[in-house]
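The values are calculated or read from the model by the stated rules, or taken from the named source; none is laboratory data. If you're wondering where the values come from, they're calculated on a predicted model, not measured in any experiment. Please note: Cβ atoms are built from the backbone with ideal geometry, for glycine as well, and neighbour counts cover all protein chains shown. The area values use the complete protein model at the heavy-atom level, side chains included, leaving out ligands, DNA and RNA. Shrake-Rupley method; radii C 1.70, N 1.55, O 1.52, S 1.80 Å.
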Amino acid sequence: MEKATIVLVDATQYGADPAVVRVIERHFPVVTVSRTDDLGAVYDTEDRVITCFEFDFPDISSLSLLSETKQRFTSVPVVMFTEQHSEALAVWALRTRVWDYFVKPVNAETVIESLTRLGQLVVSSSGRASRNTILQKQPLPEDARFQKHRAEEKIVECAAAYIDQHLADKLMQADIAERCDTNSYQLSRAFKKVHGITFQDYIVQRRLDKAAELLHNNSAAIIDVCWAVGFHDASHFSRMFQRQTGLTPSQYRQQWRAGRAGATGTGQGERVEGADRVESADRVARVKCAPVPLQLSAGPRVKI
């Protein structure tokens with residue numbers, strides 16, 4: 001059976017993903033073009049066509065190209081590949097009449113199944129009388145209004161995602177740099193440029209932010225929170241927390257609890273479960289934290 005031709009439009013900022021091309025060209029004839037090429041001229045030379053737009057970090061210009069292509073060539077189906085994904089972007093693609101939407105890295109089997117089904121429709125409908133299709137131009141998603149995604153931001157996003165998932169672990173700058181395909185110097189420079197602080201300061205800040213979040217749970221002992229966010233010395237944890245918030249961990253918890261009680265109308269004299277442990281936890285601030293897993297008093301063990 002005759003196959004449709006895939007016109008693969010490179011709309012990326014940092015270069016097309018070779019894996020996407022390899023997946024498609026094993027099963028279909030492929031014509032690769034850039035965002036500056038004239039798609040009309042390509043369509044004139046190809047009879048049965050599916051257009052695949054590949055993005056890494058979609059912006060206004062690249063998404064506008066897809067939208068304008070769909071408006072101009074209404075009978076040509078469009079498939080979209082993107083690295084950066086959001087619900088708003090997916091909804092925009094759906095409303096722009098994109099046939100299918102894939103987030104990279106892609107599942108080869110799913111991609112081929114979708115393209116094969118679409119290809120069969122394209123081939124079977126070839127030669128039929130064309131129909132006028134009315135398409136309403138959709139406003140671009142807010143995500144696309146960001147500035148062009150810089151290389152430093154890509155490195156920082158990779159490192160930050162890993163840090164957030166491993167706050168309790170020992171985080172080595174060299175190891176994280178290797179995971180993000182860079183070196184320690186470039187990683188440190190990227191964090192300084194994007195966040196205005198050093199890589200190590202960023203880790204401390206994220207650990208303290210997470211600690212503040214965990215302290216809202218009155219069933220979590222402060223010494224357990226210390227360990228759960230990667231501090232192995234309670235005295236150091238208390239000093240760093242106070243430096244950032246102006247309060248010790250127990251003072252922060254009491255203040256937050258009082259504010260919540262006032263907002264919900266809880267009586268000031270009411271005792272909250274676990275309150276007896278608050279001050280005692282700060283009194284052990286000169287003792288090394290033991291690796292005690294975070295435990296809720298009314299439920300199963302929770303892994304942080």
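Where residues in region 165-197 are part of a loop (DSSP other than H, G, I, E, B) and touching a helix residue (DSSP H, G or I) at 6+ places or on another chain (Cβ under 6 Å), which of them is farthest from I155 (Cα to Cα)? Here the answer is A168.
Of all residues in region 233-252, those satisfying the criterion of being in a loop (DSSP other than H, G, I, E, B) and without any contact (Cβ under 8 Å) to a residue 12 or more places away in the chain are G246, L247.
Applying the set (1) in contact with a helix residue (DSSP H, G or I) (Cβ under 6 Å, 6 or more places away or on another chain); (2) in a loop (DSSP other than H, G, I, E, B); (3) on the phi < 0 side of the Ramachandran plot; (4) of a type in the set (G, A, S) to G230 leaves exactly one unmet item: (3).
This table checks each residue for (1) within 30 Å of D47 (Cβ to Cβ); (2) at pLDDT 90 or above; (3) surrounded by fewer than 17 Cβ atoms within 10 Å (Cβ to Cβ).
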site	(1), (2), (3)
R131	yes, no, yes
I134	yes, no, yes
S184	no, yes, yes
R207	no, yes, no
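Filtering region 99-120 to residues that are open to solvent by 90 Å² or more (accessible area, probe 1.4 Å) and either among the aliphatic types (A, V, I, L, M) or touching a strand residue (DSSP E or B) at 6+ places or on another chain (Cβ under 8 Å) (or both) leaves only W99.
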